[in-house]
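Undergrad: The following block contains the structure, expressed as structure tokens.
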Amino acid sequence: MPGFELFGAEERKEVNDVLETGILMRYGFDGPRKGIWKAAAMEAAVCSTFGCTHAMLLSSGTAALTTAMAALGIGYGDEVIIPSFTFVASFEAIISVGAVPVMVDVDDTLTLAPDAVRAAITPRTKCIMPVHMCGSMADLGALQDICAAHNLILLEDACQSIGGSYRGKMLGTIGHAGTFSFDFVKTITCAEGGVVMTNSKEVYEKCDGYTDHGHDHKGADRGADLHPFIGYNFRISELNAAVGLAQIAKLNQFLSIQRRNHAALKACLADIPGISFRRIPDPEGDSCTFLSWFLPTEELTRAAVAEMKAKGILAGSFYWFDNNWHYIRKWDHLKHSITLNRLHPDHQAAIMAQANKDFSASDAIMGRCVSTSISLLWTPEQLQTRGEQMAAVIRKVMSGQSVAV
Ligand SMILES: *Cc1c(COP(=O)(O)O)cnc(C)c1O
């Protein structure tokens, strides 16, 4: 799954270009930088690789979500619909712009259930934010229809699905804006970094200012820039961008390895009675960073996870239901709305009301789900062994031989 697994001479070369000039900042210093603009080059590469007109590279995926929401005008009084299964960054970003995260149930796509989205819409709903979890996509066609019918913004969190697509378009370029994370464990990495992609010049220009203290970047002299609105500092450094530039050139290689290893692992498990796999709205577009599978009940799934642990093969497989970072069940800090900075009491109350709703429909899915991450480094033999070991565990559990818990 992660690009850091194939880090090498290409990354070192790009970073060294920057170290040679010593200009580590992405703006200014036009003379001494000797034509080296890694962040700008990475933005151009993002546009051409994924097919969007504008890309704003910045310091993280979380910053990308925050920036996109600000640029799209999402803030006080607005509700943003997100799935109950996502990374904590989703609600962090929403709360940081003053809006309310409205978690709704996921279905067997592991992403937003369109019916649950429809049921959650209120006059305050401003945006639907599908999160393309674990390499594969939400039911974007249905969500686009809902957005059109209710005049809502579609903001794609594609942080985990770099290189995936839906009906021929790259994930992250389909909504009004979309984001990737390039943190250390993502499909391609900058060590830390992220990007906002959009086809709107206006949204892009707002992102450009927002991530650099509101600078309008209109003149050659940074000190003379105007500040049409208040911004922050979510800039990326040239060193980080340089790593990403080497990585994006390898993306197709990463994806083809992922797809091959994913298919091989799936073939080892596919015939086991009782196992099923995540539903993928456009199977052609799966980036194949994970193979996500289900057993018929939570009990059987827990037994399989315990057995994998006992056999030493749980590393790389995730039972999200018990995980502190990715599923609503364990987000106690959100359920109690514990923030360091005091929020407006109405904001805080709305956050808590949303976080403490009934998510039993999501529990029924997530309690039975395991995602196995696909390594770029597996040899065919290692892959075969892993597949056989996993298959043996699941068969044993399914045949009822492992009742002791
Ligand atoms: C990683 C991730 C983010 C946040 O990205 P960072 O670069 O780590 O801030 C946001 N959303 C999802 C779904 C992610 O997986």
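Undergrad: Just to check I understand the Karplus step: with θ = phi - 60° and J = 6.51 cos²θ - 1.76 cosθ + 1.60, what whole-Hz values come out for the range 214-225, glycine and proline as x?
TA: For the range 214-225, the Karplus curve yields x, 3, 8, 6, 8, x, 7, 9, 4, x, 9, 4 Hz.
Undergrad: If you take every residue apart from residue 334 with its C-beta less than 13 Å away from the C-beta of residue 334, what net charge results, scoring Lys and Arg +1 and Asp and Glu -1?
TA: With Lys, Arg at +1 and Asp, Glu at -1, the net is +2.
Undergrad: Please list 3J(HN,Hα) in residue order for the range 227-239, calculated via the Karplus relation 6.51 cos²θ - 1.76 cosθ + 1.60 where θ = phi - 60°; whole Hz, with x for glycine and proline.
TA: Karplus values, whole Hz, x for Gly and Pro: 10, x, 8, 7, x, 9, 10, 10, 5, 9, 8, 4, 5.
Undergrad: Applying the Karplus parametrisation 6.51 cos²θ - 1.76 cosθ + 1.60 with θ = phi - 60° to the phi angles of the range 264-269, what ³J(HN,Hα) value in whole Hz is obtained for each residue in order, glycine and proline being reported as x?
TA: Values, residue by residue: 5, 5, 4, 4, 5, 9 Hz.
Undergrad: With angles folded into 0 to 90 degrees, how steeply does helix 201-210 sit against the dominant principal axis of the chain? Use alpha carbons for both and round to 10.
TA: It works out to around 80 degrees.
Undergrad: Can you find, among 301, 242, 42, the residue sitting farthest towards the positive end of the charge dipole of the chain, where Lys and Arg contribute +1 and Asp and Glu -1 at Cβ?
TA: 301
Undergrad: For the chain, what does -39500 (n - 2.57) per DSSP helix run (n ≥ 4), summed and divided by total residues, give at 222 nm, in deg cm²/dmol to the nearest 500?
TA: Mean residue ellipticity at 222 nm (helix-derived): -12000 deg cm²/dmol.
Undergrad: Which three lengths, in whole Å and largest first, does the range 347-405 cover when its Cα atoms are put on their principal axes?
TA: Extents along the principal axes, in whole Å: 54, 34, 17.
Undergrad: Could you pull out every residue, at least 5 positions away or on a different chain, whose amide H is within less than 5 Å of the one on residue 175? Hs are placed 1.01 Å off N in the peptide plane, and Pro or chain starts have none.
TA: Sorted by chain and number, the residues that satisfy this are 156.
Undergrad: Using square roots of five times the C-alpha gyration tensor eigenvalues, list the equivalent-ellipsoid semi-axes of the chain in whole Å, biggest first.
TA: 36, 28, 17
Undergrad: Can you list residues whose amide H is under 5 Å from residue 125's amide H, if they're 5+ apart or on another chain and H is modeled 1.01 Å from N?
TA: 79
Undergrad: Give the peptides 118-128, 166-176, 99-109 in descending order of average Cβ contacts within 10 Å, highest first.
TA: For the peptides 118-128, 166-176, 99-109, the packing ranking is 99-109, 166-176, 118-128.
Undergrad: Could you state the number of Å between the C-alpha centres of the range 284-303 and the range 62-104?
TA: Cα centroid to Cα centroid, the span is 27 Å.
Undergrad: Less than 12 Å Cβ to Cβ from residue 141, Lys/Arg counted +1 and Asp/Glu -1: what total charge do the surrounding residues give?
TA: So the surrounding residues net to -1.
Undergrad: Run the accessible area of the range 149-216 with a 1.4 Å probe and give the carbon-and-sulfur part as a rounded percent.
TA: Of the solvent-accessible surface of the range 149-216, carbon and sulfur hold 50 percent.
Undergrad: Can I ask one more? Accessible area per residue for the range 1-93 in Å², computed with a 1.4 Å probe and the full protein assembly in place, what is it?
TA: Per-residue value: 37 Å².
Undergrad: For the range 146-163 and the range 349-403, write down the distance between their C-alpha centroids in whole Å.
TA: The distance from the Cα centre of the range 146-163 to that of the range 349-403 comes to 26 Å.
Undergrad: Here's another thing I want to ask about it. Enter the accessible area per residue of the range 192-300 (Å², integer; probe 1.4 Å; all protein chains in place).
TA: Spelled out: the 1.4 Å probe surface of the range 192-300, per residue, equals 45 Å².
Undergrad: How many percent of the accessible area of the range 314-405 is carbon or sulfur, using a 1.4 Å probe?
TA: 56
Undergrad: Could you give the length gained by full extension between residue 344 and residue 396, i.e. 0.36 nm per residue of separation minus their alpha carbon distance, to one decimal place?
TA: 13.4 nm
Undergrad: Where Lys and Arg each count +1 and Asp and Glu each count -1, what net charge lies around residue 292 among other residues with Cβ under 14 Å from its Cβ?
TA: Combined, the nearby Lys, Arg, Asp and Glu give +1.
Undergrad: Quick check: the distance between the Cα centres of the range 327-341 and the range 211-235, to the nearest angstrom?
TA: 34
Undergrad: Hey, another quick one. Have a look at 349, 390, 95 and report the one farthest towards the positive end of the charge dipole of the chain, computed about the Cα centre with Cβ charges (Lys/Arg +1, Asp/Glu -1).
TA: 390
Undergrad: Still on this model: Quick query: amide H of residue 277 versus all other amide H atoms, modeled in the peptide plane; which residues come in under 5 Å with a sequence gap of 5 or more or a different chain?
TA: 294
The values are calculated or read from the model by the stated rules, or taken from the named source; none is laboratory data. Quick caveat: nothing in here was measured; it's all calculated off a predicted structure. As a convention, Cβ positions derive from the backbone with ideal geometry for all residues, glycine included, and neighbour counts pool all protein chains shown. For the accessible areas, the whole protein counts, side chains as well, though only heavy atoms, and no ligand, DNA or RNA atoms are used. Shrake-Rupley method; radii C 1.70, N 1.55, O 1.52, S 1.80 Å.
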